[in-house]
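The values are calculated or read from the model by the stated rules, or taken from the named source; none is laboratory data. The shown structure was predicted, so the numbers you read here are calculated from the model rather than taken from an experiment. A quick note on method: Cβ atoms are made from the backbone with ideal geometry, for glycine too, and the neighbour counts reach across all protein chains shown. The protein model used for the area step is the full one, side chains on, heavy atoms only, and it has no ligands, DNA or RNA in it. Shrake-Rupley method; radii C 1.70, N 1.55, O 1.52, S 1.80 Å.
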Amino acid sequence: MNRLLKHLGMVVISTFMMVSMLSHAASLPDFTELVDEASPAVVNISTEQTVTTKTANQKGQQFGPNSEELNEFFKHFFGQQPFGQQAPQQGQRSSLGSGFIISHDGYVLTNNHVIDGADVIHVRLSDRREYLAELVGTDPRTDLALLKIDAEDLPIVKMGDSDKLKPGQWVLAIGSPFGFDYTVTAGIVSATGRNLPSDSYVPFIQTDVAINPGNSGGPLFNLDGEVIGINSQIYTRSGGFMGVSFAIPSKVAMSVADQLKNEGKVSRAWLGVLIQDVSNDLAESFGLDRSNGALISRVLPDSPAEKAGLKPGDIIMMFNGENIEHSGELPYVVGQLKAGDKVDAKVYRDGKEQTISVSLDERPSDPKVLAQSQQDQNRLGMIVGEVPADMAKEFDIEGGVVIEQIIGGTAARNGLQQGDVITMLNGKRVEGVSDFTATAKDIPNSRSVPMRVIRQGYPMFIPFKIIE
């Protein structure tokens, strides 16, 4: 009897597990209809270009001491050599990526890095028709490019609203990973509004969809069959998929595509400030209840911010009606506006909130002050700003600059830390950022110069050496 009961119990458990599994399987989405409808508008893109040998000591912007890892983080799916590596000899090279058709008369959207430097661009449709594409325009800042092929009555994708996307939603990618045409992969949205540490105006969509070389430029769909993103970047240590992928939101992509189509270029508004996040310690020091907003560390000369009266130490809490929770949100909000727009900025200054009106200008294509600032930051391995008033008062500091971020090996090798205040460099007193920038230009390589640093109120001199 006991054996019979035990056997019946096992049967009941097995049946329950089978029913549960079948129920779970039935609850999973079926992508077949979506793929059938969307695939004809997804294209394969290949390019031909002449490349020349690059020297082994090629330099590029680095964002931290571990350049190997960051090269992997920011490398696109193909075509870009990691810093310090040698490219192929001169000859023809074909790259492979994806894209999708956004208009019946042949406009195709893809990533800029897929076609960057190409002499010839080929677009192949799912029915094997192949066209030579004309490059309408590119926007390297968002890594987008608009192509045009000479065809009519083409299938197109449905565009969705990326602003409605939420973490946990199912998404699907169609592309050509490793050259395998029209491969489908699915996953969920891991996060939205992801700001990567690059000079970008893109609040990326982070997913766990399997994305590999060749998926670049391909569409990311929601369950309604609408494109809500363009696959652009991956985080990888091996060169392949590791569960972290990034897509450009469709709202950003279509705004760029419209400008490229109508004007051939993308114009963005410019505020002219250097900003940083408000940490918990900084929030407490400024008298804020919580850490939010974008802290202005520097106001660039002759910028809209300077003309409006914004100052270092101001914390931008809201811009053009948009709440600014993190500093990375501000560039995107500003970048969606146009030159000439007059907007309100709600800032926190001296313990009070106030509203300042700002008239935006068009971002210079190559602002000299930004270029020089970036050059100095890379060479010294640090980002500096004006010393906050509360810090100067607490430690009785006159002038100087505070290290806001360590971004490279030079500063780290010399023992500098975030929060250090530099008051003297190479025998010259540092009154502020402009003094520091001017003095930094004259620092020789491979020879130590004296630097006076105040750390937590304690002054000291250190030998500072730049090794290139």
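Within segment 114-140, being over 25 Å from residue 183 (Cβ atoms), open to solvent by 20 Å² or more (accessible area, probe 1.4 Å) and in contact with a helix residue (DSSP H, G or I) (Cβ under 8 Å, 6 or more places away or on another chain) holds for 135, 136, 138, 140.
Residues in segment 383-392: is at least one hydrophobic (A, V, I, L, M, F, W, C), under 23 Å from residue 280 (Cα atoms) and open to solvent by 80 Å² or more (accessible area, probe 1.4 Å)? Yes: segment 383-392 contains one or more residues that are hydrophobic (A, V, I, L, M, F, W, C), under 23 Å from residue 280 (Cα atoms) and open to solvent by 80 Å² or more (accessible area, probe 1.4 Å). Looking across segment 164-184, the residues that are assigned to a strand (DSSP E or B) and open to solvent by less than 30 Å² (accessible area, probe 1.4 Å) come down to 171, 172, 173, 174, 175. For segment 436-456, a residue qualifies if it is open to solvent by 30 Å² or more (accessible area, probe 1.4 Å) and either more than 31 Å from the chain's Cα centre (by Cα) or hydroxyl-bearing (Ser, Thr, Tyr) (or both), and the qualifying residues are 442, 444, 445, 446, 447, 448, 450, 452, 455, 456. Please verify whether segment 190-203 includes one or more residues that are more than 15 Å from the chain's Cα centre (by Cα) and closer than 18 Å to residue 243 by Cα. Yes, because at least one residue in segment 190-203 is more than 15 Å from the chain's Cα centre (by Cα) and closer than 18 Å to residue 243 by Cα. Quick one: in segment 253-297, of everything that is basic (Lys, Arg), open to solvent by 50 Å² or more (accessible area, probe 1.4 Å) and in a loop (DSSP other than H, G, I, E, B), which residue is nearest to residue 146 (Cα to Cα)? The selected residue is 265.
Restricted to segment 148-160, and to residues there that are closer than 21 Å to residue 256 by Cβ and touching a residue at least 60 places away in the same chain (Cβ under 8 Å), the residue that is farthest from the chain's Cα centre (by Cα) is 154. Screening 464, 436 for residues that are over 30 Å from residue 287 (Cβ atoms), aromatic (Phe, Trp, Tyr) and at pLDDT 85 or above leaves exactly one candidate, 464.
The residues of segment 235-244 that are farther than 29 Å from residue 404 by Cα and either surrounded by 13 or more Cβ atoms within 10 Å (Cβ to Cβ) or touching a helix residue (DSSP H, G or I) at 6+ places or on another chain (Cβ under 7 Å) (or both), listed by number, are 239, 240, 241, 242, 243. With (1) within 19 Å of residue 205 (Cα to Cα); (2) in a loop (DSSP other than H, G, I, E, B) as the list, and residue 156 as the residue in question, which single condition is left unmet? Here residue 156 clears every test but (1). Which pairs do you get when a residue that is buried (at least 16 other Cβ atoms within 10 Å of the Cβ), found in segment 38-57, comes within reach of a residue that is modelled with pLDDT under 80, reach meaning Cβ atoms under 7 angstrom, with the pair 6+ apart or on two chains? Taking only residues 6 or more apart or on different chains, the pairs are 46/94; 46/95; 47/94; 47/95; 49/93. Taking the listed residues 136, 123, the one that is over 25 Å from the mean Cα position of the chain (by Cα), among the hydrophobic types (A, V, I, L, M, F, W, C) and part of a strand (DSSP E or B) is 123, with no other qualifying. When residue 87 is tested against (1) exposed (fewer than 13 other Cβ atoms within 10 Å of the Cβ); (2) at pLDDT below 90; (3) in contact with a Ser or Thr (Cβ under 9 Å, 6 or more places away or on another chain), just one condition goes unmet, and that condition is (1). Residue pairs whose Cβ atoms lie under 6 Å apart, sitting 6 or more positions apart in sequence or on different chains, and linking a residue in segment 381-392 that is part of a loop (DSSP other than H, G, I, E, B) to a partner that is modelled with pLDDT of 80 or more, are 381/410; 381/411; 387/397; 387/400; 387/402; 387/421; 388/313. Of the residues making up segment 393-407, just one is among the acidic types (Asp, Glu) and in a strand (DSSP E or B), namely 404. All of (1) modelled with pLDDT under 85; (2) within 22 Å of the chain's Cα centre (by Cα) hold for residue 329 with one exception: (1).
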